[in-house]
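Q: One structure follows; several queries about it will come next.
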Amino acid sequence: MKQLIRNAALSLAALSAVVFAPVASAQSQFKVDLTLTPKCYVNMVAGTPADVDTTDVTLTYTAFQSTDAESSTGFNVTCTNTLGYSIAVTADTNTIAGVDYFLKLAAGTTAQYTSATGGGTLNTLAGSGSAQAYTIGVRAPKDQAGTCAGPAACNGQNTHTITVSY
């Protein structure tokens, strides 16, 4: 009886090998379609893409000072790889407490003050897929009287906006 059961088990194993042995195959193809929406961020937060405010700029100015007051702030723009974009800052000239100042945008981390007028636009830029560094230089030219009614220091502030167009 044992021999009969063993022979039956071997016969079933052989039969299953024959029955389940591939003799032909069938194929089907499919494509993956993807729609990419390009995007740019200013000071993107890693892991959770979002824009973040740029660090404020502080200028200290003494009426009639003999040198320009200068300061700067940096920011990053992260855009889809090869996406064309431009950067503008508004307004690129302004006045606080009677002291005129101007803003100058520059690629990289070094502030530039190439003239006594604002330069608030950078054009024909291309995204790299990684953060690209930019700097806004702020200069208040020398020899300004300013406007202040009392003996204490006068303070003020203006808000400027960085706009990345793509």
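Q: Identify, please: which residue in region 30-55 is of a type in the set (D, E, K, R) and surrounded by 13 or more Cβ atoms within 10 Å (Cβ to Cβ) and is, among those, farthest from the chain's Cα centre (by Cα)?
A: Across region 30-55, the extreme among qualifying residues is LYS39.
Q: Give the residue that is nearest to the chain's Cα centre (by Cα), with candidates limited to residues of region 133-143 that are crowded, with 19+ Cβ neighbours inside 10 Å and not hydroxyl-bearing (Ser, Thr, Tyr).
A: ILE136
Conditions tested, residue by residue: (1) more than 23 Å from VAL99 (Cα to Cα); (2) outside any loop (DSSP other than H, G, I, E, B); (3) β-branched (Val, Ile, Thr).
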site	(1), (2), (3)
SER28	yes, no, no
ALA46	yes, no, no
THR58	no, no, yes
SER72	no, yes, no
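Q: Still on this structure, I have one more. Exactly one of (1) closer than 22 Å to MET44 by Cβ; (2) part of a loop (DSSP other than H, G, I, E, B); (3) at pLDDT 95 or above is unmet by THR109. Its number?
A: With (1) closer than 22 Å to MET44 by Cβ; (2) part of a loop (DSSP other than H, G, I, E, B); (3) at pLDDT 95 or above applied to THR109, the lone miss is (3).
Q: From the residues in region 133-160 that are hydrophobic (A, V, I, L, M, F, W, C) and in a loop (DSSP other than H, G, I, E, B), which one is farthest from LEU59 (Cα to Cα)?
A: Only one residue fits best here, namely ALA149.
Q: Only one residue in SER11, SER66, SER16 is of a type in the set (S, T, N, Q), within 30 Å of TYR113 (Cβ to Cβ) and either at pLDDT below 95 or exposed (fewer than 10 other Cβ atoms within 10 Å of the Cβ) (or both). Which one?
A: None of the other options fit; the residue is SER66.
Q: Does region 76-93 include one or more residues that are more than 13 Å from the chain's Cα centre (by Cα), modelled with pLDDT of 90 or more and aliphatic (A, V, I, L, M)?
A: yes
The values are calculated or read from the model by the stated rules, or taken from the named source; none is laboratory data. Predicted model only: the values in this text are computed from it and were never measured. Heads up, the Cβs are rebuilt from the backbone with ideal geometry, glycines too, and the neighbour counts pull from every protein chain shown.
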